[in-house]
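What follows is a set of notes on a single structure, which appears directly below.
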Amino acid sequence: MFDPVIEVLVLAAIALFVLSRLYMALGRGGNDRPVQRPASPAPGADAPSVDTLDRRDRREPADHPIFTGPAAGGLEDIYNADNSFSLSAFMQGAKSAYQMIVAAYARGDRDKLRPLLDDDVYEAWDAAITARETSGEKVFELLRIKRAEIESAELDGRTARIMIRYEAELGDGEVTRTAKEVWTYMRDVKASDPNWILDDVEIAS
């Protein structure tokens with residue numbers, strides 16, 4: 001039989017060997033590596049709040065349009081008085097209005113012109129149509145719009161006015177000429193009617 005003392009020493013050696021292996025396997029020996037912890041925000045740095053993250057998630061577009069050019073101030077005033085105002089929609093409408101009005105004038109269509117023109121403009125054009133019909137003058141029709149851009153804009157109380165410089169090519173079948181005019185459109189920004197009407201026409205250089 002084994003001597004009890006020797007048996008105890010053998011068991012102690014085996015236990016010491018196992019413990020040393022466990023110690024090394026758990027990384028507590030010479031190959032220790034520091035535990036990586038999540039980086040904390042630097043002192044004074046603003047961590048994103050829940051509200052900030054929520055706003056980023058929604059990615060809301062800027063509501064307020066940015067106007068540029070010499071008419072920017074007037075357009076800004078008009079938008080502030082009527083947030084439904086859209087410059088792109090207005091310019092599209094201004095080109096369509098020019099085409100409709102010039103075509104109606106060429107045809108002598110007073111019924112078409114009446115709701116599109118201010119009283120003074122309508123009276124002047126009505127007289128011009130009458131004079132043309134009496135004299136038999138040739139009618140010049142719109143061939144194409146070469147240019148349409150905003151000249152200026154203003155808000156006078158409730159009345160918004162936007163001036164558009166047009167350059168168009170007109171023809172009567174034989175002769176072609178270029179018309180350069182500044183048309184002023186107006187609208188009451190507090191009215192429920194969204195339509196603009198032609199308030200003034202001036203010859204442009």
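A short reminder: the numbers here are calculations on the coordinates, not readings from a lab. These numbers come from a predicted model, not from an experiment. We place every Cβ from the backbone using ideal geometry, glycine too, and count neighbours over all the protein chains shown.
What to note about this one:
- Assuming charge only on the beta carbon of Lys and Arg (+1) and of Asp and Glu (-1), the dipole of region 72-203 about its Cα centre is about 460 debye to the nearest 20.
- Cα centroid separation - region 149-164 against region 67-102, whole Å: 8
- Region 72-203, relative contact order in percent, only Cα pairs under 8 angstrom and at least six apart counted: 23
- Annotation for Asp193 and Gln92: the two label points, set 7 Å from Cα along the Cα-Cβ direction, are 2.3 nm apart.
- Other residues whose C-beta falls under 11 angstrom from the C-beta of Trp196 contribute a net charge of -2, scoring Lys and Arg +1 and Asp and Glu -1.
- Each of Leu117, Leu170, Leu143 has some number of other Cβ atoms within 10 Å of its Cβ, and from fewest to most they run Leu143, Leu170, Leu117.
- Efficiency of FRET between Met100 and Asn80 - r from beta-carbon atoms, R0 30 angstrom, step 0.05: 0.55
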